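Contents: one structure, followed by commentary.
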Amino acid sequence: MKKRLLAFLSFVILISFALGVVASSPTNYKVLYEKLLKDYNVLKSENQKLKNEVTTLKKKTDDLQKKVTSLPQLSYYDIVVNGVPTAQKVPFISYGGRRYVHFDSMLKTFLNVGDTGYIFNDQTKRVEIGAFVKNKNGVWLSDLEYFDREGSYNGFGFNATDIVVNGKKFYKNIWWKFHGWKGYKFNLTYKLHGKYKKLQFKYGIDDDSDKGIQAAVRVYGDNEILGEFKTELYDDPGLASIDLTGVNYLTLEFETLTNSSGGYNCIITICDPLLIP
C-alpha cells in the first residue's frame, strides 16, 4: 500500500514538473523573440544611418568633383591678327565658363600697346593707355604743327587711331600714304629752335599697305642727314634714336622703294615720335 502511494506521488510530481516546463516554454520564446526584434531594430537603424552617410559622402564627392572641374585651367593660345601670326603665345585662364587673360597680355596683344604705352596711375586709380599717357618727359612730335611740307601724297596725317604695324597699334603717329612707284618722296619740316636734345621713334609700314611694300624713312637736321631707316611690310616696328642737339629745322622724309607697273598702295608711318628736351 505504501509502495503504491509513493509511486502515485512520484507520478503526480513528475506530471506537475512536466506541466510546469510546458507552461514556461511560451514565456522563453517570447523573450527570445523580443530580444531578436530589438536587435533587428538596432541593426535596421544602424543600416539606415550608414545609408545616410553613404548618400552624404556621395554628395560631397559629387560637389568636390564639380569644384575640381571648375577650378581655373591655364592654357596658352597662339594669337593670329588679320591672318598674320603674332609669334607669341598668350596665357588664358578658363574659369566658370569664361576665359580670362593677364592685363599686360591683353594690352600688348589685343590693344597692341607696348611696354611703355601705358601706366598705372595709383593716385587717380586709372590706367592710362597710348595717347593718354602723359609722363613721357618730352613732347610728341605728332602734336606739333609742321613748318613746311614738300612732295606727293594721296594722304598724310597725325595721331590716326587705325595705324597698325605688324599687328601692333600706335595712337601717336605721323603717316604718309601714296599710290605710286619707286622713288617718290614726301617731306615734313618742323621748326624746333634748338630746344630738343633727342628724337626717339618707331617706324614701319602700316598693315593696310599692299603686299611686298618696301620703304625708307630719313631724318635731317638743318639739311644734314642724321639717320636713314629701311623697312618692309610685316617687319616689326624699328626703333630709332636721333641726336638733335642744336638742331633748328627737323625734316622727316618718306620714300617708296618698291617698283611696279601698276603702282603700290604704301602707308609709311613714324610711331610714338618723342622729342626730349
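Quick look at the values:
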read-out	value
The one condition in (1) over 37 Å from the mean Cα position of the chain (by Cα); (2) surrounded by fewer than 19 Cβ atoms within 10 Å (Cβ to Cβ) that D210 fails to fulfil	(1)
Yes/no for L226 being buried (at least 21 other Cβ atoms within 10 Å of the Cβ), in a strand (DSSP E or B) and at pLDDT 95 or above	no
Residues being assigned to a loop (DSSP other than H, G, I, E, B) and touching a Ser or Thr at 6+ places or on another chain (Cβ under 6 Å) - total across region 159-181	3
Test for V165: is it surrounded by 13 or more Cβ atoms within 10 Å (Cβ to Cβ), within 23 Å of I276 (Cα to Cα) and either among the acidic types (D, E) or out of contact with any His (no Cβ under 7 Å at 6 or more places or on another chain) (or both)	no
Residue match in region 204-219 (condition: of a type in the set (V, I, T) and over 16 Å from I163 (Cβ atoms))	yes
Test result for Y146, without any contact (Cβ under 8 Å) to a residue 60 or more places away in the chain and farther than 15 Å from E255 by Cβ	yes
Criterion (crowded, with 20+ Cβ neighbours inside 10 Å, modelled with pLDDT under 95 and either in contact with a strand residue (DSSP E or B) (Cβ under 7 Å, 6 or more places away or on another chain) or under 28 Å from V139 (Cβ atoms) (or both)) met by exactly one of K172, K195, K185	K172
Residues (of a type in the set (A, V, I, L, M, F, W, C) and part of a strand (DSSP E or B)) located in region 243-277	L250, L252, F254, C266, I267, I268, I270, C271, L274, L275, I276
Single residue of region 152-162 satisfying the filter (surrounded by 15 or more Cβ atoms within 10 Å (Cβ to Cβ) and modelled with pLDDT under 95) that is farthest from D78 (Cα to Cα)	Y153
Of the criteria (1) surrounded by 10 or more Cβ atoms within 10 Å (Cβ to Cβ); (2) at pLDDT below 80; (3) among the charged types (D, E, K, R), which one K67 fails	(1)
Scope region 230-269; condition more than 25 Å from G167 (Cβ to Cβ) and either of a type in the set (D, E, K, R) or surrounded by 15 or more Cβ atoms within 10 Å (Cβ to Cβ) (or both); matching residues	I242, D243, L244, V247, Y249, L250, T251, E253, G263
Among the residues listed as A240, A215, the single one being under 26 Å from G180 (Cα atoms) and either in a strand (DSSP E or B) or not basic (K, R) (or both)	A215
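The values are calculated or read from the model by the stated rules, or taken from the named source; none is laboratory data. Being a predicted model, the structure only gives us computed values, none of them experimental. Every residue, glycine as well, gets a Cβ built from its backbone with ideal geometry; the counts of neighbours run over all protein chains shown.
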